[in-house]
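First up is the structure itself, then whatever we jot down about it.
Please treat every number below as a calculation from the coordinates, not as lab data. Everything quoted here is computed from the prediction, not taken from an experiment. Cβ placement follows ideal geometry from the backbone for every residue including glycine, while neighbour counts extend to all protein chains displayed.
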Amino acid sequence: MSSRLRAVLLLVVAVALVGCTPVTDEPRAGRSSEREVTAETEPTRQPRQRPRRERPERPERPERPERPEERPRKPERPQKPQRTVLVVHVVDGDTLDLADGRRVRLAGIDTPEAGDCGHDRASRVLSRLVVGKRVTLGRTDEDRDRYGRLLRYVDVDGVDAGLVLLRRGLAVARYDSRDGYGFHPREPRYVRVDRRSPDLGCRQPRGLLDAPPRSGGGRCAPGYDPCVPPYPPDVDCGDVGGPVRVTGDDLHGLDADGDGWACE
């Protein structure tokens, strides 16, 4: 055989041998070990996480107390006791003197002057109300009058002395906003009571009293001035007309309050 033919045959055999070699799925030992070493030596990369901001815990809201059905009321402040002053003398029906030397003119009213009809009676009524007692002085729109007297309401034991005089017809509502003076707090009530009260005036004796003005005669009972008929028969204030001063025994029982004056 020629050398050329021999070379061709060897090549064919070699190719046949290569084609018959079994193919395995196992990787090459060298490369596999390199990969394993690399996997072991390289650190595993984890995804980067952002740190969470922790919110401060909110304090728990206290439970609302149940509303009581009725709220307790605040204790009332004790009222200061009103200051009182002592009355020692009555000048007339609307003027009096205090123990500290001050003179007070009752505000909002006017009573008869000395010598006028009703003066003595108004003075007596005011004396019984206030002399020797402690009274409360209430302020008005003005402090003093032109004579320097205090202008005040006078209350004794919760009773307005000026109002008493008005109700009995012994005073009139005056010195207020109706006649050029200032308005005072009790003016509306004073005016209302004055309109409902009897007119101030002195009634003349009538009926059984058409007799001598002085006691002592046979037609007059002793102890009365002006004259009252003798007892019996009994007479009352409707027969007399009054006022009558009782100077002795009150046989007819006309002086109901025992102040020495009957049929006021």
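Order of Leu150, Leu106 from fewest to most other C-beta atoms within 10 Å?
Details: Leu150 19, Leu106 27.
The most exposed by this proxy come first: Leu150, Leu106.
I need His252, His89, His184 ordered by Cβ neighbour count within 10 Å, fewest first.
So the ranking, lowest neighbour count to highest, is His89, His184, His252.
Taking 0.36 nm per residue of separation and subtracting the Cα-Cα distance, what length does fully extending Cys117 through Arg58 add?
Length difference between fully extended and current span is 12.3 nm.
If the only charges are +1 at each Lys and Arg Cβ and -1 at each Asp and Glu Cβ, what is the size of the charge dipole of the range 85-196 around the Cα centre, to the nearest 20 debye?
320 debye
So for each of 165-171, 6-12, 155-161 I average, over its residues, the number of other beta carbons within 10 Å; can you give me the resulting order with the highest mean first?
Ranking the peptides 165-171, 6-12, 155-161 by packing returns 165-171, 155-161, 6-12.
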